[in-house]
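The values are calculated or read from the model by the stated rules, or taken from the named source; none is laboratory data. Just so it is clear, the model here is predicted, and its values are computed rather than measured. Ideal geometry is used to build each Cβ from the backbone, glycine not excepted, and the neighbour counts take in all protein chains shown.
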Amino acid sequence: MGDNWLGCGVQQVLITSAKSTKMWVITSGAPQEHLRRPKLAPPKAIPKTIENQRVYDETTVDLNDEEVAFDEATDEFAPYFNRQTVPKILITTSDRPRGRTVRFCEQLSTVIPNSHVYYRRGLALKRIIPQCIARDFTDLIVINEDRKIPNGLVLSHLPDGPTAHFRMSSVRLRKEIKRKGKEPTEHTPEVILNNFTTRLGHPVGRMLACLFPHSPQFIGRQVATFHNQRDYIFFRFHRYIFKSEKKVGIQELGPRFTLKLRSLQKGTFDSKFGEYEWIHKRREMDTSRRKFHL
C-alpha cells in the first residue's frame, strides 16, 4: 500500500510534538503551510493604565514651539537659566514649629545646597520677603504643620515670584527609611524632573529646578528627583551605587515627601491681595480620574 492509500489528494503528514511524540494525521490536498512552521503567539496587549488613558490636554507644551521659547527667555526664571543668579534658599516654618518639622527642615537643608534655616518667631511673611531680597536670597520655602506633622509647603521665587502653595503628605525622615544610605555629602546633586508637560506644569518644574545650582558634582553620585504622576509630585533623594562598569544601583538617603499643587500666585506671597494664576477647585476640576493638570 502506497502513501496515497486513501486515494488521490489525500496525504499522511508526520507531526512531531515538543515531547518528540510522532503521530500521523490524514489531510486532504497539499500539505498545509501552518503545519510546516510553528504557530506565532498573538501580540502582547498593552495594559491600560490611568497614565496612558489620560485625557489629552490642549496646553501640553512643545519645547520646540517659538512661543514657549519666548516665554522661557522672558519669564521670572530666565535669570537663573541664563546663569545670571546663584541659588540661595531661605527655609523657614510656621510659628512655633514642633520637633518633627524642625528635623525635616534641617534634613531638607542638607539636600538643597546653599540653603539656610531660620525660624520666624512670629514675624509675618510679608516682612520676611523684603529682608530676603535685600540679602540676595533667590527663593523662600515655608514649611507649615498641623498637629505636629508637616502638611504644607509654600515656595516663593524671589524677587518677582511666582509663589506656589503645595499640600505635603507622606513625609518620611531619614531614620524612618529602611535600608537608607549614609548621610548626604555636600556635593551638589543632579536634579531630575519628570512629566511636567503642561502650561501649568512647565513653570512649576522650572521653579523647582531653580532651587539647585546649575552644575551638579557627579563625583558625589547624588540625585534629587521630582517625579510628577497624576498631579502628585514625589520627591526622592538617592545616591548611585556602582557595582561594576555595567551595573548600577540606587540607595535612598532621605527625606522623602509628596506634594500636590493647591495654587499658583503671581508675584511674591500675598494672601490678601495676591493675583492667582491657578487655584485647584476640587469639585469643578476633579471631574475625571483621567484628567490631570501638571
Task: Positions within segment 195-250 being closer than 25 Å to Gly161 by Cα and part of a helix (DSSP H, G or I), in sequence order - done: Gly201, His202, Pro203, Val204, Gly205, Arg206, Met207, Leu208, Ala209
TODO: With respect to Leu253, determine if the residue is buried (at least 17 other Cβ atoms within 10 Å of the Cβ), more than 21 Å from His165 (Cβ to Cβ), touching a Lys or Arg at 6+ places or on another chain (Cβ under 8 Å) and among the hydrophobic types (A, V, I, L, M, F, W, C).
DONE: yes
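The rows are residues; the columns are (1) free of Cβ contacts under 8 Å to residues at least 12 places away in the same chain; (2) over 22 Å from Gly274 (Cβ atoms); (3) hydrophobic (A, V, I, L, M, F, W, C).
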site: Val111; (1), (2), (3): no, yes, yes
site: Gly122; (1), (2), (3): no, no, no
site: Asp136; (1), (2), (3): no, yes, no
site: Asn144; (1), (2), (3): no, no, no
site: Val154; (1), (2), (3): no, no, yes
site: Gly161; (1), (2), (3): no, no, no
site: Phe166; (1), (2), (3): no, no, yes
Open item on the list: Here is a check on your reading of the model: is Met168 part of a helix (DSSP H, G or I) and within 28 Å of Gln265 (Cα to Cα)?
Closed with: no
Open item on the list: Step by step: first the residues of segment 267-282, then only those that are touching a Lys or Arg at 6+ places or on another chain (Cβ under 8 Å) and not hydroxyl-bearing (Ser, Thr, Tyr), then the one that is surrounded by the most Cβ atoms within 10 Å (Cβ to Cβ). Which residue is that?
Closed with: Phe269
TODO: Find all pairs meeting these conditions: Cβ atoms under 8 angstrom apart; at least six residues apart or on different chains; first residue within segment 234-246 and surrounded by 19 or more Cβ atoms within 10 Å (Cβ to Cβ); second residue in a loop (DSSP other than H, G, I, E, B) and among the aliphatic types (A, V, I, L, M).
DONE: Phe237/Leu253; His238/Leu253; Arg239/Leu253
Open item on the list: Could you tell me how many of the residues in segment 187-201 are touching a helix residue (DSSP H, G or I) at 6+ places or on another chain (Cβ under 8 Å), buried (at least 21 other Cβ atoms within 10 Å of the Cβ) and farther than 18 Å from Ser115 by Cβ?
Closed with: 1
TODO: Taking only segment 97-115 into account, find how many residues are under 16 Å from Leu153 (Cα atoms) and either of a type in the set (A, V, I, L, M, F, W, C) or exposed (fewer than 13 other Cβ atoms within 10 Å of the Cβ) (or both).
DONE: 6
TODO: Kindly list, by first and then second residue, each pair from a residue in segment 73-91 that is exposed (fewer than 15 other Cβ atoms within 10 Å of the Cβ) to a residue that is part of a helix (DSSP H, G or I) and modelled with pLDDT under 95, limited to pairs with Cβ atoms under 8 Å and residues at least 6 apart or on different chains.
DONE: Ala78/Glu72
- [ ] Looking at (1) out of contact with any Ser or Thr (no Cβ under 6 Å at 6 or more places or on another chain); (2) among the aliphatic types (A, V, I, L, M); (3) buried (at least 18 other Cβ atoms within 10 Å of the Cβ); (4) assigned to a helix (DSSP H, G or I), find the lone condition where Ile129 falls short.
- [x] (1)
TODO: Looking only at segment 222-231, decide whether some residue is touching a strand residue (DSSP E or B) at 6+ places or on another chain (Cβ under 7 Å), touching a residue at least 60 places away in the same chain (Cβ under 8 Å) and among the β-branched types (Val, Ile, Thr).
DONE: no
- [ ] Go through (1) closer than 18 Å to Phe257 by Cβ; (2) under 20 Å from the mean Cα position of the chain (by Cα) and name the single condition Thr197 misses.
- [x] (1)
